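Okay, structure first, notes after.
The values are calculated or read from the model by the stated rules, or taken from the named source; none is laboratory data. It should be emphasised that the depicted structure is a prediction, and the values quoted were computed from it without experimental measurement. Cβ atoms come from the backbone with ideal geometry, glycine included; neighbour counts cover every protein chain shown. Keep in mind that these areas ignore ligands, DNA and RNA; they rest on the heavy atoms of the full protein, side chains included. Shrake-Rupley method; radii C 1.70, N 1.55, O 1.52, S 1.80 Å.
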Amino acid sequence: MDLLTQLFTDPFAFWTSHTLLISQIGINSILASSMFVVLYSGQLSLAAPGFMAIGAYTAVLMDLYWHTPLAVDFAAGTALAGLVGAIVGLPVLRLRGVFLAIATIGFIEALSLGVILNLPITGEGLGLKNIDADPVGGVNIVLISLAVVVYLLWRLTKGRLGYAWTAVRQDELAARSQGIDVPRYKLIAFVISALLAGYAGAAESHLYFILDPNEYGVPRTVQVLTFAVLGGSGNVLGPVVGALFLTTFPFIFKQAGDYIGVVSGAVLIAIIVFRPQGIVGRGGFAFVRPRWWPRPQSRAPSTG
Amino acid sequence: MGQQILNAIFIGSIYALFAVGYTLVFGVLDILNLAHSAVFTLGAAVTYTLVVNHGQSFWLACVLGIFVAALMGLVIEYVCLRPLRRRRAPPIAALISTIGLALIIIAAIEQGRPGTLFAWLWVDGANPVTMPPGAFPNPTWHVAGLTLEGSKLAVIPISLALMLVLGYVMRSTQVGRGLRAVAENPRAARLMGIDVDRMIALTLVISSALGGLAGILFGVALGDISPYIGRDSVEVRGLAVIVLGGMGSIPGAVLGGYLLGLIEVLAVVLLGSNVRAGVAFAALFLMLVLRPQGFFGAQLRERI
């Protein structure tokens, strides 16, 4: 609990001693937001780490070889991830549900195992050394961009695009019958998600001195999916809350020690079972009541 | 080359056995059971621990390993799936709860060291171990330049026989008809007097028992048992197999398993071992884009 105690008693010391943790929460939140966009449009795409890898490698390689300014590195990484997102999205978005999930897993594995580990320029299995990384100063960039991302996504979901996504998510056939161009809106969501993941990858690569190719595999995608679903994928804030909760979990439950994996698995199951819509979702803070739990005595009169 | 083909058949048998369980659950429930690879690991780990740390005979340990895996199938059903089904949660919630269970199982094995809470389950922490050589008979022959190891050869008839038995049960027994009815339409099956919940529990028991056995065979014959064999060797490849064969189709999963074994071996022979995994996933990706119903898509309508 010392982490929480410190946060409330001495926020400045907390900020300086946990800068990297705060940055990682921000990165994970942006990633979870990228997952949110695809989930919000009704697609179970697990491609985020692949786009992250593209963003991260592009940014670091540009910095290493051309010494371009940071903003250019980030922009290039993000743009390339978006471009690949459009190319991959076109054929893949015909697939639905689990099929899309598996196809995107195929994409990230083929990218990391087939391409990154075999190209000499990416440092293969050893990864790259990023000498210009800035673990301390990077936190400002991350937190500002997180705020911008969440605000933009909130505006998007309240606008024309958001309504179209909701319609597609709830019933594709009905959406099409209302004149919504389903493939177009799906592709828009996929590309926005790729851009966000690429940006998160570029921003993350700026925090660490070493770019490790093993970071961008299936475990990462499972983690990001968990952030988004556990936090609640019906609201922009859900993924951020999920990322915040799960990233700080090992620090808050320090007493669990080596058993943190067991404890977090159990907590994961408990939350999803008692609150399938996620932490932030419909129903306020009410949990789904187990059947053995006593019911309240007074009932609202039936409205017939 | 002959040796390579033999290896392809051997590893293909294990892929097939693993994937049959995967595809069975998907066929009946339309849910990807992501705890399946953890059950695979658990089967191998329990068998190893029983032989090495508890001094049981190898055969008894194998039977108990399969039994524990089958019990874990019940845990998956009662803890992760049934509560969510009762609450009509979206399918993605089941994905997260099975991820949570997989996390618990793997973390428990990983933390199994002398003096920890899980020392009864596993004592080697994260290290890979090998079954002691005298634990099981392993005659080795040299025929026409090929090395034939008894333990590897035995895998092939064992898995073929089990898959044939499963096929027979599915096609020609009352239980199999019940399972296929639930897969086709749970509601109609309930109206016909089939106990749907019991059928689903049975599906998970069968699936997990096969998964656990696949883990035991893998660990014993390849001499590699560690907390990560499920994640590294079969988790994503299992997905590739069921996609190659057609989701939910048992014969598809069997043929898909051998096909993936062959693809991987050919990739190693023709392109070198670096690209082995990448090629498998590129094949998976292409397959989903070009022919999502799998090679045996005509049978998709008649699942299982």
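Ellipsoid fit via the Cα gyration tensor, region A:127-266: semi-axes of 32, 20, 15 Å, each the root of five times an eigenvalue, largest first.
Evaluating 6.51 cos²θ - 1.76 cosθ + 1.60 at θ = phi - 60° for every residue in region A:224-241, the Karplus couplings come out as 5, 4, 4, 3, 5, 6, 5, x, x, 9, x, 9, 4, 6, x, x, 5, 4 Hz, glycine and proline recorded as x.
Suppose only helical runs count, i.e. DSSP H with n ≥ 4. What mean residue ellipticity at 222 nm does that imply for chain A under -39500 (n - 2.57) per run, divided by all residues and rounded to the nearest 500 deg cm²/dmol? Rounded to the nearest 500, the figure is -21500 deg cm²/dmol. Taking the Kirkwood radius as Rh and the Cα radius of gyration as Rg, region B:123-249 has a ratio of Rg/Rh equal to 1.07. For the protein assembly as shown, the Kirkwood estimate of the hydrodynamic radius, built from every pair of different alpha carbons, is 25.4 Å.
When B:Cys80, B:Cys62 are compared by accessible area at a 1.4 angstrom probe, the order from most to least is B:Cys62, B:Cys80. What is chain B's relative contact order, in percent, from Cα pairs under 8 angstrom and six or more apart in sequence? Relative contact order of chain B: 34 percent. Taking amide H as placed 1.01 Å from N in the peptide plane, A:Ile210 has its amide H under 5 Å from the amide H of A:Asn130, each at least 5 places away in sequence or on another chain. Across the protein chains, with a 1.4 Å probe defining accessible surface, the residues A:Lys186, A:Lys158, A:Lys129 rank A:Lys129, A:Lys158, A:Lys186 from largest area downward. Simple spin-label estimate for B:Met192 and B:Tyr78 gives 2.9 nm between the two label positions (7 Å along the Cα-to-Cβ direction from each Cα). The 1.4 Å probe gives accessible areas that order B:Met192, B:Met199, largest first, as B:Met192, B:Met199. For chain B, the solvent-accessible area works out to 41 Å² per residue, with a probe of 1.4 Å and every protein chain left in place.
Using every pair of separate Cα atoms, the Kirkwood estimate puts the hydrodynamic radius of region A:21-216 at 17.0 angstrom. Computed with every protein chain present, the accessible area of A:Arg169 is close to 90 Å² [probe 1.4 Å]. Suppose a student asked you for the relative contact order of region B:1-160, using Cα pairs under 8 Å spaced at least 6 residues apart; what percent would you report? The value is 27 percent. In the complete set of protein chains, residue-level accessible area for A:Val241 is approximately 50 Å², probe 1.4 angstrom.
The mean accessible area for residues of region A:21-216, using a 1.4 Å probe and ignoring ligands and nucleic acids, is 40 Å² per residue. So what's the gap between the Cα centers of region A:175-244 and region B:70-126, to the nearest angstrom? Computed from Cα coordinates, the inter-centre distance equals 26 Å. Considering only Cα atoms, the convex hull volume of chain B works out to 136 Å³ per residue. A simple spin-label model places the labels of A:Asp171 and A:Arg155 3.3 nm from each other, with each point 7 Å out along Cα-to-Cβ. In the assembled protein chains, B:Tyr78 presents an accessible area of approximately 120 Å² (probe radius 1.4 Å). Leaving ligands and nucleic acids aside, the A/B contact buries around 3400 square angstrom of accessible area in total at a 1.4 Å probe radius. Quick check: at a probe of 1.4 Å, how many percent of the accessible area of chain B sits on carbon and sulfur atoms? Answer for chain B: carbon and sulfur cover 66 percent of the accessible area.
Using every pair of distinct Cα positions in region B:1-93, the Kirkwood expression returns a hydrodynamic radius of 15.3 angstrom.
Dimensions of region B:110-192 from C-alpha coordinates, computed as largest minus smallest value along each principal axis and given longest first, are 53, 49, 17 Å.
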